[in-house]
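The next block holds one structure in the form of structure tokens; read it before the comments.
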Amino acid sequence: MEARTWIEYIRKPRLKEPVAVVGSPGLRSIGRIAVDYLIQQLQPELFAELYSTHFPIIYQTSPSYVAQPAFPGQAGVIMRGSHVELPSVKFYASQNPELVITRGYHANFDGQYEVAEKVLDLFEEFGVKRMVVLAGYGHEGRDVCCAATDPSIVEQMEKHGIGVGYVGPFYGFSGLVFGLGKLRGIKGLCLFGRTVPNLEEPEYPDPEAAKAVLNSLGVILGIEIKPQ
């Protein structure tokens, strides 16, 4: 079977220059938890899913976001009772505020760039000019720091009391979408929640760090977010 990556639309929403909010499994699952909280609160519409032959159902690496060329993972589907679900990146549309909420999924080594570029194709189709990525980094405390692809964004964040702080690699789905977005002219901001790494289970959930990231996101978007 030829490797391929494609997007299936459920419905194409009408959006005018929405902000993309991106999160995926990562360090202490902060990005994934934050996006799930946001979906739970805003109740956005699932409008598209991205599928790829590069999406494993079982990863041969730990954590999942550290891809290795020799370990492509195992293919399969997710069973939920009578429902069969292929692994996918899910896109949700929120009208108030206008957002494209993106729940990411890590591809294997060979498919990482292909998947990220497809995500950015969708962003461009819907007029996305700004992107906010939610993630975590290993450091004690509960502060949130940022990184950005434009110096003016850093200046804006400093007015909200959010400074730069993390220096180091940003692995996987969210990191590539963030970085490649700059080449497409999409201004990117990443909010990093501090968390103490769990060496035995790097993706072990840290919901408190995810809530801290969401609080900062709410300030930036001008909305109140109340994680359950």
- Filter result for Leu122 (more than 28 Å from Gly111 (Cα to Cα), touching a Phe, Trp or Tyr at 6+ places or on another chain (Cβ under 8 Å), surrounded by 17 or more Cβ atoms within 10 Å (Cβ to Cβ) and modelled with pLDDT of 95 or more): no
- Message: Can you tell me which condition Ile153 does not meet? The list is (1) hydrophobic (A, V, I, L, M, F, W, C); (2) touching a residue at least 40 places away in the same chain (Cβ under 8 Å); (3) more than 22 Å from Pro13 (Cα to Cα), and all the others hold.
- Response: (2)
- Task: Would you kindly identify the strands (runs of 3 or more DSSP E) lying entirely within the range 1-86 that contain at least 2 residues that are out of contact with any strand residue (DSSP E or B) (no Cβ under 7 Å at 6 or more places or on another chain) and of a type outside the set (Asp, Glu)?
- Result: 78-80, 83-85
- Please find, within the range 128-178, the residue that is surrounded by the fewest Cβ atoms within 10 Å (Cβ to Cβ) out of those that are modelled with pLDDT of 90 or more and among the basic types (Lys, Arg). Lys159
- Message: Can you find a residue that is without any contact (Cβ under 8 Å) to a residue 40 or more places away in the chain and of a type in the set (Ser, Thr, Tyr) anywhere in the range 169-187?
- Response: no
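The values are calculated or read from the model by the stated rules, or taken from the named source; none is laboratory data. Just so it is clear, the structure is predicted and the values come from calculations on it, not from any experiment. Heads up, the Cβs are rebuilt from the backbone with ideal geometry, glycines too, and the neighbour counts pull from every protein chain shown.
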